[in-house]
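The values are calculated or read from the model by the stated rules, or taken from the named source; none is laboratory data. Please read all numbers here as calculations on a predicted model, not as lab measurements. All Cβ positions, even for glycine, are placed from backbone atoms using ideal geometry, and neighbour counts span all protein chains on display. Ligands, DNA and RNA are stripped out before the accessible areas are found, and what is left, the full protein with its side chains, is counted by its heavy atoms. Shrake-Rupley method; radii C 1.70, N 1.55, O 1.52, S 1.80 Å.
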Amino acid sequence: MEVELQHCAAPHLSASAHEPGHHDAKPQLPPRHDKAKTTRTPGGDAMEPRITELETRFEYIHRDLNEVRNDVKSIKSRLTYIAGAAAVIGAPLAWIANNRMDQILLLLTS
C-alpha cells in the first residue's frame, strides 16, 4: 500500500519570497474569516474527504489484518502437521535405537 505524501508549503508566503535576492519581500497573510459570518465545523469543508480517506485506509488495514490472521492459522496448522510427522517417525527410530543398539554398533563398526 502506497501513501501519497503532499508537500507542505506555507500558504502565507508569496512565491517571490522563495527566490534568491528577494529578502525584503513581505509575507502575504491569509485572508481573515469573520467568525460571526461563518458557522463551520473546526475541520472546515475539507473534513468529509479526510474522513472518507481515513475510512478507506481503515478498510485496507482491516483487510490486511484478516490476511495476517489467515496466514498465522496456516502456519499453525503446518507446524502441527510437522510435529505429528516427527513424532510418528521419531518414535519407531527411538525404539529401534533402544532395543537394537548392540546390533547397530556391530553394523557400524564392521
Say each of residue 66 and residue 54 gets a label point 7 Å from the Cα, pointing the same way as Cα to Cβ; how far apart are those two points in nm?
2.3 nm
Roughly how many nanometres apart are two label points built 7 Å out from the Cα toward the Cβ at residue 99 and residue 47?
7.9 nm
With every protein chain left in place, what is the accessible area of residue 71 in Å² (1.4 Å probe, nearest 10)?
90 Å²
So what does residue 75 come to for accessible area, using a 1.4 Å probe and Å² rounded to 10?
90 Å²
